[in-house]
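The values are calculated or read from the model by the stated rules, or taken from the named source; none is laboratory data. These numbers come from a predicted model, not from an experiment. Note that each Cβ is placed from the backbone with ideal geometry, even for glycine, and that neighbours are counted across all protein chains shown.
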C-alpha cells in the first residue's frame, strides 16, 4: 500500500528511528542519521510558579479531571474479565520517542472507541534506577494534552507487568 503524500506518521517515524539505530551501514558507506521526532508534538509543561495567587482568587477547575480507577474495574482487568483492547510497549525508547508514540497510540485508540489499554513502561531496574519512563508516563497522562483522551490510569496487575505497566481507561468518544 502506497501513501499518496509519502510522509511517515509520527508512530512510523519513531519505529523507524528505533530500527535505524540497530542497522549497520554497508562496508564503505557512511552511516545515515535517523530522523528526529517532531518537537512540536510534545506539549509544553508549565513551570511551577513561584508567585502565590491571592488567597481570595478561586482556583480554576480542570476541564478534564482524572478520576481514580475504581476497584471493581481494576479487579476485572487483572482477572481478564474486562478486555484490554490495545497495548503499547515503550521499552528502550527515549522520552521523546516514548511521548510521541504514546500520544499517537492513545489518540488512535480513543478515535477508534477503545476503552482500556495497557502501556508497558518497564521497571527500569537494569541500570540501577527506578525507571525514567515508569515515572514520566503517569505525569504525562495528567497533562492537558493527554487529559482530553485519558479518564484514569493505575498500575497494572502482576500478570500484566505489575509496576512496569499501567492500565489506562480512555474517555468515551462523543457522537
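For segment 129-173, which residues satisfy the criterion of being more than 18 Å from residue 96 (Cα to Cα) and part of a helix (DSSP H, G or I)?
Going residue by residue through segment 129-173, those that are more than 18 Å from residue 96 (Cα to Cα) are 129-130, 147-173.
Answer for segment 129-173, where residues must be more than 18 Å from residue 96 (Cα to Cα) and part of a helix (DSSP H, G or I): 147, 158, 159, 160, 162, 163, 164.
Taking into account only those residues within segment 135-146 that are more than 24 Å from residue 76 (Cβ to Cβ) and in contact with a helix residue (DSSP H, G or I) (Cβ under 8 Å, 6 or more places away or on another chain), which is surrounded by the fewest Cβ atoms within 10 Å (Cβ to Cβ)? First the steps, then the outcome.
In the first step, residues of segment 135-146 are kept if they are more than 24 Å from residue 76 (Cβ to Cβ); the result is 135-136, 139-140, 143-145.
Still in the list and also in contact with a helix residue (DSSP H, G or I) (Cβ under 8 Å, 6 or more places away or on another chain): 136, 140, 145.
Values: 136: 16, 140: 21, 145: 18.
Across segment 135-146, the extreme among qualifying residues is 136.
Out of 101, 118, 82, which single residue is surrounded by 17 or more Cβ atoms within 10 Å (Cβ to Cβ), assigned to a loop (DSSP other than H, G, I, E, B), touching a residue at least 12 places away in the same chain (Cβ under 8 Å) and touching a helix residue (DSSP H, G or I) at 6+ places or on another chain (Cβ under 7 Å)? Give the steps one after another, and end with the answer.
On the way: 101 fails: assigned to a loop (DSSP other than H, G, I, E, B); 118 fails: assigned to a loop (DSSP other than H, G, I, E, B).
82 is the lone residue from the list that is surrounded by 17 or more Cβ atoms within 10 Å (Cβ to Cβ), assigned to a loop (DSSP other than H, G, I, E, B), touching a residue at least 12 places away in the same chain (Cβ under 8 Å) and touching a helix residue (DSSP H, G or I) at 6+ places or on another chain (Cβ under 7 Å).
Would you confirm, using the coordinates I've provided, whether residue 149 is at pLDDT 90 or above and either within 28 Å of residue 79 (Cβ to Cβ) or more than 11 Å from the chain's Cα centre (by Cα) (or both)?
On the way: at pLDDT 90 or above: yes; either within 28 Å of residue 79 (Cβ to Cβ) or more than 11 Å from the chain's Cα centre (by Cα) (or both): yes.
The answer is yes for residue 149.
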